Amino acid sequence: MRSCISSCRKNGRESTSARITQKPPTLRKAMYAEVFTARLQYIKKAGERMLLSTETSSVIKRFGQEKAFAMLKRSGFDACDFSFYGEGAELLGDDCMENARKTKELLDTAGLLCNQAHAPFDLSEGEAFDLSCRNYRAIVRSIEYAAYLGAKKIVVHLIVTADREAYYAYNQRYYKSLEFYGKQFGIKIAVENDFERRNGKVLPILNDPQEYVDFIRELDSEWLVGCIDIGHAAMFQDPAEFIEKTGGRIVKALHIHDNDLHE
C-alpha cells in the first residue's frame with residue numbers, strides 16, 4: 001500500500017526501512033508499526049500539519065468502498081489518494097458523477113478526506129486527446145470525479161512512446177490538453193517521474209531531476225504541477241538527491257513507498 005509516510009536516506013544515514021528489512025518478519029512488522037505510530041504522532045504535533053494519506057486501490061478491491069474508508073480512518077489515516085485505476089476505472093462510465101456522489105457520502109460518513117487522486121493510465125500513443133476517445137474521456141471524468149471528492153491534485157501518468165526520443169514533446173501536448181479540465185474543475189494535474197520496460201530493460205521516464213524540472217516549467221501552468229514518486233526515483237538514483245535537485249516550487253504531491261528497485 002502506497003502511503004505519504006515512508007523512510008528515505010537523509011544526511012547520509014541509512015533509512016529506517018532499510019534497517020528493518022534485515023530483521024525477522026515478526027519483529028519487522030512490530031518495528032514498522034512502532035515507527036509508523038511515532039511518525040503519525042510527530043506529524044499531528046507539527047505546526048503546519050501534514051495529512052497522512054494512502055492509495056485506495058488495494059483495500060477497496062478487497063473490502064469495497066464503505067468498509068475500506070472506515071478501515072483507513074481507524075488505522076490513523078486522515079485522507080485517501082483515491083485510485084481510478086484497476087477496479088476504480090469501473091466508476092468512470094456515463095453514471096460517473098452519481099458514483100462520485102456515493103463515494104463522497106461514504107468518505108464523509110467515515111470522516112475521511114480525499115486530498116489527491118490517481119487517474120487511470122490506459123491511454124496509449126496515437127489515441128486522440130479529446131472526448132471522442134474512450135480512454136481520454138475516462139481520464140477527464142476522473143479529474144471531475146476527484147475534484148468533486150475534494151481532491152486538490154490528481155496524478156496523471158505520462159504516455160510511453162514507441163520512439164523514446166519523442167516522449168517529451170508528445171507528453172507536453174498531452175498535459176497541455178488536460179490543463180483546460182484542471183482549470184474547469186479546480187484541481188491541479190500532477191506529472192509523475194516514471195519508468196518503462198523496453199526490450200527486457202527498465203528505463204527512466206522523466207527520472208532525471210533537471211529534465212523533470214524543465215518539463216514542468218515548460219508546461220508553464222499553475223494547473224500542471226509535479227508529483228515526485230520516491231520509489232520510482234530510487235530505481236535510478238538517491239531519491240533524496242532527486243528531491244533536493246527538483247526543489248519545492250513545482251512539486252505539489254508525493255508518492256512515497258518502498259520497492260525492490262525494479263518497479
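Read-outs throughout are calculated quantities, based only on the coordinates presented, and are distinct from any laboratory measurement. Since this is a predicted model, take the numbers as computed values, not measurements.
Could you give the Stokes-Einstein D for region 44-115 in µm² per second, using the C-alpha Kirkwood radius, 37 °C, 0.692 mPa s?
259 µm²/s
Mean separation of Cα pairs under 8 Å and 6+ residues apart, divided by the residue count of region 119-241: what relative contact order is that in percent?
Reported as a whole number, the value is 22 percent.
Just for the Cα atoms in region 128-187, what are the lengths along the principal axes, largest first, rounded to whole Å?
37, 23, 15
For region 152-209, what are the per-bin percents of Cα-Cα distances with bins 10 Å wide, up to the bin holding the maximum?
Bin by bin from 0 Å, the calculated values are 21, 48, 24, 6, 0.
Taking 19 Å as the cut-off for C-alpha to C-alpha distance, list the pairs among LYS153/LYS176; LYS61/LYS102; LYS102/LYS188 that go past it.
Table pairs above 19 Å Cα-Cα are LYS102/LYS188.
Dividing the Cα convex hull volume of region 77-203 by residue count, how many Å³ per residue is that?
Each residue corresponds to 115 Å³ of Cα convex hull volume.
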